[in-house]
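Bear in mind these aren't lab numbers, they're just calculated from the coordinates by the rules spelled out. Here the structure is a predicted model, which means the values were calculated and not measured. Cβ placement follows ideal geometry from the backbone for every residue including glycine, while neighbour counts extend to all protein chains displayed.
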Amino acid sequence: MAFGWIDEQAAVRRRAGLVRTLRPRPAESPLLDLASNDYLGLARHPEITEGAAEAARRWGGGATGSRLVTGTTELHGELERELADFTGFEAALVFSSGYAANLAAVTALAPHGSLVVSDAGNHASLIDGCRLARGTTQVVAHADPEAVRKALGTHAGPAVAVSDTVFSVDGDAAPLAELAAACREYGAGLVVDDAHGLGVLGDGGRGAPYAAGLAGAPDVVVTVTLSKSLGSQGGAVLGPAHVIDHLVNAARTFIFDTGLAPAATGAALAALRLLRREPERAARAREVARELHTRLTASGHEAVRPDAAVVSVRAPSADQAVRWAADCRTAGLAVGCFRPPSVPDGISRLRLTARADLTEGQIDRAVGIIGDTRP
Ligand code: PMP
């Protein structure tokens with residue numbers, strides 16, 4: 001049978017307790033949410049939903065075409081200018097997702113004969129970018145500028161190092177300034193994915209590269225998502241104008257993809273403007289993360305010290321992680337659950353999102369439920 005092998009794979013997955021299922025989220029969930037990536041609590045903010053609605057009414061339900069044909073509206077241009085200005089980079093280019101932005105940045109900057117040095121903890125979208133790139137990829141130890149230096153030293157010709165700024169599994173940050181210094185020694189570019197840094201790190205949420213003094217650097221390219229702290233959907237690449245022009249001409253996930261929907265563009269623009277007016281939201285997300293970490297470790301949980309808004313709590317096994325997350329849910333708390341194969345080291349975790357809009361009472365409740373349901 002043509003697809004018989006799929007059933008064999010499914011049986012293996014079932015035996016290992018690793019089957020994934022989709023669960024619709026009710027519009028008005030009774031659960032306390034520490035699972036989403038809505039770091040600043042903006043996804044349902046009236047200014048953001050109105051930004052989406054107004055853009056849809058004016059420009060339509062979809063972008064109607066690729067960016068180079070009919071899919072560019074003036075909203076896209078506004079969002080690109082304001083994103084570049086906010087993060088301190090010369091230019092920006094908006095994509096239909098952060099995933100597409102990462103595929104674009106890595107493939108377009110790693111031509112035939114080039115070297116891509118990729119952190120072992122990188123997000124799947126960066127890994128897929130490496131797989132699609134014409135250059136050769138070398139995976140190096142996690143958050144290790146010396147390993148990057150060593151890899152770059154083996155290669156003559158164009159090279160880039162690629163890293164998340166904040167790693168999505170453990171919420172730890174990359175040593176960006178040191179990575180940039182390593183790249184500069186070898187004349188290599190640095191591509192960093194600030195999906196979890198934008199809106200959370202740096203002055204008023206300007207992002208991890210800004211915090212590391214790399215904003216506007218001629219040899220640094222940043223990718224972001226609009227779907228986490230900005231409460232919308234979509235992605236962007238930020239960098240020097242000539243790099244952005246190159247992406248318009250060479251990045252396949254830009255050229256052959258329909259432009260970002262007007263509603264998502266309008267929502268992201270509204271969120272960015274709100275963040276500029278209310279910069280304290282970024283610091284509050286970091287504060288909530290530190291508080292969650294302090295209180296969980298004080299009650300004996302093993303949690304990674306958070307550099308941004310992701311708090312990772314170790315579970316004894318994949319089975320127990322799944323049961324722990326399910327018990328939290330029954331008790332009224334939604335948490336993320338990371339287990340193999342999503343985690344490269346095989347260590348399962350609960351993943352908590354420290355949202356800027358969590359109240360002290362909600363933090364108490366969350367810590368209480370996590371403690372009460374501990375396996
Ligand atoms: N990079 C990282 C580090 C992410 O966590 C994610 C989202 N899971 C992405 C990229 C992809 O972004 P998007 O969801 O906008 O495609």
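Among beta bridges from DSSP that stay inside the chain, the antiparallel ones total about 50%. Build a GNM of the chain with springs between Cα atoms under 10 Å: which of ALA303, ALA241, ALA264 gets the top mean-square fluctuation? The residue with the greatest mean-square fluctuation here is ALA241. Our analysis of region 271-344 gives Rg over Rh at 1.06, with the two radii drawn from alpha carbon positions and Rh computed by the Kirkwood formula. Based on alpha carbons, the Rg and Dmax found for region 196-298 are 15.9, 53 Å. Dipole size of region 140-232 about its Cα centre, with +1 on Lys/Arg Cβ and -1 on Asp/Glu Cβ: approximately 180 debye, rounded to the nearest 20. Per the Cα gyration tensor, region 46-277 maps to an equivalent ellipsoid with semi-axes of 29, 19, 14 Å, ordered largest to smallest.
Under a Gaussian network description of the chain, with springs only between Cα atoms under 10 Å, the residue in THR294, THR165, THR353 that fluctuates furthest is THR294.
Among VAL69, VAL237, VAL162, the residue with the largest mean-square fluctuation in a Gaussian network model of the chain, with springs joining Cα atoms closer than 10 Å, is VAL69.
Normalised by 2.2 N^0.38 Å, where N counts its residues, the alpha-carbon radius of gyration of region 213-271 equals 1.22. Relative contact order, whole percent, for the chain stands at 23, derived from Cα pairs under 8 Å and 6 or more residues apart.
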